[in-house]
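Taking it in order: structure first as structure tokens, then the write-up.
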Amino acid sequence: MTTTPCPAANDGKPRCRWVLGGNALYYHYHDNEWGVPVHDDRTHFEFLLLEGAQAGLSWTTVLNKRENYRQAFACFDPQQVAQFTDNDQATLLTNAGIIRNRLKIAAAIGNARAFQNIAAQFGTFDNYIWGFVDGKPQNNCRQSTPPATTETSDKLSKDMKKRGFKFVGSTIMYSYMQAVGMVNDHEISCYRYKNI
């Protein structure tokens, strides 16, 4: 089966098809974060929160609001977010810098509490999450756009729902796995594929 290599962007670098046509922020995310293994719990929480906020929207929308989320959600500190009150939630609903969806905001706070429970049980959230890929990134050798879900994301989603998380469906969790480098889904002709 022949595949078409990734097209080059204006800077001459071939990138994954999903990022082409995006803005500078989108390119920066693809080039510097997407697929890079994460082992810091605060960064894990950041991506869980942002991926949940993205549900039904474009990733560009979330990236454009990322710094507003950082300010609104205590620099993505799960311990602090877990202590947010109903008043804090009401204040967040008036914050025009974030996506003002009542269910997503409530989920972010509830997920911080579930996140803390996992960290307490496993030592860190990182220990828990990387256990789903045996502690090392899965290199998928993609020749085209990756799937929306996998068997692993199905399993992860199911387990996280059991542990009280919301907005963690299989599609969201596969996006999360890509974001934190649990899988390398850069297309093999993308310049980042071998440079993670």
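Here are the numbers:
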{"item": "Mean residue ellipticity (222 nm) of the chain, computed from DSSP H runs ≥ 4 via -39,500 (n - 2.57), nearest 500", "result": "-15000 deg cm²/dmol"}
{"item": "Cα-centred dipole magnitude for the stretch 4-153, charges only on beta-carbon of K, R (+1) and D, E (-1), debye, nearest 20", "result": "440"}
{"item": "Residues in the stretch 173-188 that a label on Asp154 would reach, taking backbone N under 15 Å of a point 7 Å out along Cα→Cβ", "result": "173-174"}
{"item": "Nearest 10 degrees, 0 to 90: helix 59-72 Cα axis against the chain principal axis", "result": "40"}
{"item": "Cβ-based net charge around Asn139, under 14 Å, with every Lys or Arg adding one and every Asp or Glu removing one", "result": "+1"}
{"item": "Lysine pairs with alpha-carbon atoms under 20 Å apart, the stretch 64-196, spacing 8 or more or separate chains", "result": "9"}
{"item": "Projected area averaged over orientations for the chain, convex hull of C-alpha atoms, nm²", "result": "11.2"}
{"item": "Rounded percent of accessible protein surface that carbon and sulfur make up, the chain, 1.4 Å probe", "result": "49"}
{"item": "Residues whose placed amide H lies under 5 Å from that of Ser189, excluding near-sequence neighbours", "result": "Cys6"}
{"item": "For the stretch 20-33, Karplus couplings with θ = phi - 60° (6.51, -1.76, 1.60), whole Hz, Gly/Pro x", "result": "5, x, x, 8, 4, 5, 5, 4, 4, 4, 4, 6, 10, 10"}
{"item": "Degrees between helix 151-162 axis and first principal axis of the chain (Cα, 0 to 90, nearest 10)", "result": "0"}
{"item": "Average accessible area per residue (Å²) across the chain - probe 1.4 Å, nucleic acids and ligands excluded", "result": "49"}
{"item": "Cβ charges +1 (Lys, Arg) and -1 (Asp, Glu), total dipole of the stretch 113-196, debye", "result": "240"}
{"item": "Positive-end extreme of charge dipole, the stretch 57-196 - chosen from Leu57, Gly181, Ser170 (charges on Cβ)", "result": "Leu57"}
{"item": "Gyration tensor (alpha-carbon) shape descriptor, the stretch 38-139, a/c threshold 1.5", "result": "oblate"}
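The values are calculated or read from the model by the stated rules, or taken from the named source; none is laboratory data. Predicted model, so just to flag it, every value in this text is computed and none were measured. Quick reminder, even Gly has a Cβ in these numbers, built from the backbone with ideal geometry, and neighbours come from all protein chains shown. These accessible areas exclude ligands, DNA and RNA; they are computed on the full protein's heavy atoms, side chains included. Shrake-Rupley method; radii C 1.70, N 1.55, O 1.52, S 1.80 Å.
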